[in-house]
Amino acid sequence: MTAINAVADLAIEGDIAILTLNSPPVNALSAAVRTGILDGVELAIADSNVKGIVLICAGKTFIAGADITEFGKPPVGPALADVQAAIEGSPKPVVAAIHGTALGGGLEVALVCHYRVAARSAKCGLPEVNLGLLPGAGGTQRLPRIVGPAKALDMVTSGAHIGAAAAAEMGLFDLVTDDAALRADAIAFVKQVNAEQRPLRKVRDLNEKVEAARGKPELFADFRRANARKFRGFDAPEYNIRCIEAAVNLPFDEGMKVERKLFLALMNGTQSAAQRYYFFASRQVWNLPDVPADTPTIDVKKVGIIGAGTMGGGIAMNLLNAGVPVVIVETAQEALDRGMRTIRANYDNTASKGRITAADVDKRMALLTPTLELGQLADADLVIEAVYENMDVKKDIFGKLDKIVKRGAILATNTSALDVNEIAAATSRPESVIGLHFFSPANVMKLLEVVRGDKTSKPVIRTSMELARKIGKIAALVGVCPGFVGNRMLAQRQREAQKLVLEGALPWDIDRVLYNFGFPMGPFAMSDLAGLDLGWIREKSSSATLREILCEMDRRGQKTGAGYYDYDDKRNAIPSPVVEQIIRDFAARKGMTSRVVSEQEILERCVYTMINEGAKILEEGKAIRASDIDVVWVNGYGWPVYRGGPMFYADTIGLDKVLAAMKNFEATLGADFKPARLLEDLVAQGRKFGDLK
Ligand code: 3H9
């Protein structure tokens, strides 16, 4: 065996050279890996005893793509295109032996090999779109030549990982084999290619499928139309589509030029910078400086959930999906039955769409035990309280749990804003108490805020984070403060939205600005969806706010056919002249004179105040890092990932600009805009949120 460099070695077995890459964690195409491949292939080609080459990887995966950490830095080492040219132009057959995930540049390297053999558990895909990019190493030109333009469009714009069997069916893999036999079967495959004198197939020369689609622009027009909603605001999907169009309409080398040009345009843009940042942010969030990964954890074999309402039921489903037995507790049989029926109906609905089988539904329901007895939670390892937001009720429940549940179990509250320390103080074991703030609908939303109380123990924190990962959530560890990270920042936006309406902007003006910014909907459309009467009590309502007035008129949101907006029978929102008049009258009563509010003012007041609050959260140590705040916003509140998150966005536009605007607003509109100390300090030091360690 010859070591090519630190990450590649070449073994000659009989007349076959086996080039093995070993660059943990994911064999990304760093300069060293590119050098290793290039030198290894050249050495094998130069060796007259070698008749064929197998390219294989050590560790958990085949090449998972370009090395994202190299992006934006000056290029070093050989260009990937030169590495690929050496493989594709090799006079001896090169076979890729694929296990784990062949993604992005990894699949593009496999596509210049003459053949591909894959382990049964392997997957492949071109996920560049999720980084705001497109496959920039020939992927957009070679993929449609194998799978056809229609499937290629799906793959490059979704970034989906395709299983080995499906990939083989599409022609991407030439042989699928048992995982343990991959190396041996890949070697056998090259020998067979030689024995049968099969051609050294170059994907670039396969023109049949792209030519068949030529002169059919409707393929692309239809695809764009069908996905317009999904792609809204993102640059990368459109650029990916243009590349597939180029593959169909232009000769290979011309198509490659289009791909290069569009790849560089994306790479140099702010969207990809934001999405690449988010990729690392979403991994960083699991890193807890004072609660390392080797902190002992508690084995969670049985979970109790208090409350079978929407929240409790949704939380239960997360656990059942992961195979964790759940006991769900209610105070009345009727509520318990209703909760059970809802869970069952949700599962049946998923099964009817073919996403799970009827057997899956039965298996999950069998793990769920309904009860009216709190005593049934005595041996639970984790109890999650999910009743309505009332401190006295929660304290009462935690006091009872303290007496019932075994020592060492985790006692969690799903509160979205209340003081976890106060709840913990209702027990004799505050170290076991933590907040697990699920977002609604809890079985769908990815985010979990794990709220650490002053006394929460490290094993309880670590266990909560691990459990979050197990049930497929993305968790951010936050500290106790009103609304924690997400709702605390949201409150700023809500307050400004309400104030802006009294100053002269209409709900739909504000919604439009935030929608165009990239949110799925604005605050007023959101209120209509959630129901304006959340927390509204008719007896106490005194027309004191717009919301009260609307609720009193039975305009309680989409469910009553009217809220801030009117709704037609297809639930399309229509700006309401009635509401406009109500607003004008209400503002007049408050002595406000209406003025024209610019779109820029709407955006700045709604978003900069959130950023400012984020700065305060960091200042107070309620979030570990600025990027954790961004993870919360992308996953919990629909912040457009192509803008990274509020803190990254602030860094992108410039903290000095945010500070200047806050100061201006403070001078005219008062203390709501007082800049955070951290914001002032960073600007004074010429630093960004991203520079904070
Ligand atoms: C591309 O290929 C462009 C080309 O078309 C054109 C070029 C000209 N680079 O996710 P994990 C790190 S764009 C650098 O936790 P898993 C990751 O940060 C690329 N680092 O593991 C983490 O580090 P740490 C297209 C990378 O098992 C560690 O590896 N490819 C890269 O849950 C483990 O990662 C992609 O977009 C990378 N490419 O999932 C694939 N990938 O331990 C991106 C990972 O310090 N990667 N790291 O936190 C993935 O989707 C997942 O990592 C994968 C493994 C599925 C591979």
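The values are calculated or read from the model by the stated rules, or taken from the named source; none is laboratory data. Small disclaimer: the values here were computed from a predicted structure and weren't measured. With ideal geometry, Cβ positions are generated from the backbone for all residues, glycine too; neighbour counts draw on all protein chains shown.
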What number goes with the only condition from (1) more than 14 Å from the ligand (Cβ to nearest atom); (2) on the phi > 0 side of the Ramachandran plot; (3) crowded, with 21+ Cβ neighbours inside 10 Å that G14 does not pass?
(3)
Please count how many residues of the stretch 243-255 are more than 15 Å from T157 (Cβ to Cβ) and surrounded by fewer than 22 Cβ atoms within 10 Å (Cβ to Cβ).
6
Of the residues that make up the stretch 289-307, is at least one more than 16 Å from the ligand (Cβ to nearest atom), closer than 16 Å to L367 by Cα, β-branched (V, I, T) and part of a loop (DSSP other than H, G, I, E, B)?
yes
Conditions (1) small (G, A, S); (2) touching a Phe, Trp or Tyr at 6+ places or on another chain (Cβ under 6 Å); (3) at positive phi: number failed by S543:
(2)
Please work out if A247 is of a type in the set (G, A, S), within 16 Å of the ligand (Cβ to nearest atom), part of a helix (DSSP H, G or I) and over 13 Å from L368 (Cβ atoms).
yes
Selected residue [at pLDDT 95 or above and either of a type in the set (F, W, Y) or more than 30 Å from R214 (Cβ to Cβ) (or both)] from G89, G59:
G59
Looking only at residues in the stretch 68-86 that are outside any helix (DSSP H, G or I) and within 28 Å of the chain's Cα centre (by Cα), which one is modelled with the lowest pLDDT?
G72
Does G309 satisfy the condition of being over 23 Å from L467 (Cβ atoms), surrounded by fewer than 23 Cβ atoms within 10 Å (Cβ to Cβ) and in contact with a Gly (Cβ under 9 Å, 6 or more places away or on another chain)?
no
If P675 satisfies all but one of (1) in a loop (DSSP other than H, G, I, E, B); (2) assigned by TED's automatic domain parsing to the domain that holds R547, what's the number of the condition it fails?
(2)
Of all residues in the stretch 629-653 being among the hydroxyl-bearing types (S, T, Y) and farther than 27 Å from N443 by Cβ, the one that is farthest from the chain's Cα centre (by Cα):
T652
Within the stretch 10-44, tally of residues that are assigned to a helix (DSSP H, G or I) and touching a residue at least 60 places away in the same chain (Cβ under 8 Å)
1
Enumerate the strands (runs of 3 or more DSSP E) found wholly within the stretch 352-423, keeping only those where 2 or more residues are polar (S, T, N, Q).
368-371
Could you list, ordered by first residue, the pairs with Cβ atoms under 6 Å in which the first is in the stretch 286-310 and closer than 15 Å to P325 by Cβ and the second is of a type in the set (D, E) and outside any strand (DSSP E or B), at least 6 apart or interchain?
V300/D381; K301/D381; K302/D381
Name every residue in the stretch 39-71 that is surrounded by fewer than 18 Cβ atoms within 10 Å (Cβ to Cβ), within 16 Å of the ligand (Cβ to nearest atom) and under 27 Å from G14 (Cα atoms), in order of residue number.
A58, G59, K60
Tell me, yes or no, whether the stretch 536-544 has at least one residue that is closer than 29 Å to R643 by Cα and charged (D, E, K, R).
no
Selection within the stretch 382-405 - surrounded by fewer than 19 Cβ atoms within 10 Å (Cβ to Cβ) and not β-branched (V, I, T):
Y388, E389, N390, M391, D392, K395, D396, G399, K400, D402, K403
Set R488, R495, R462, R469: member being touching a Lys or Arg at 6+ places or on another chain (Cβ under 9 Å), surrounded by fewer than 24 Cβ atoms within 10 Å (Cβ to Cβ) and not hydroxyl-bearing (S, T, Y):
R488
Number of the exception - A166 against (1) surrounded by fewer than 24 Cβ atoms within 10 Å (Cβ to Cβ); (2) in contact with a Cys (Cβ under 9 Å, 6 or more places away or on another chain)
(2)
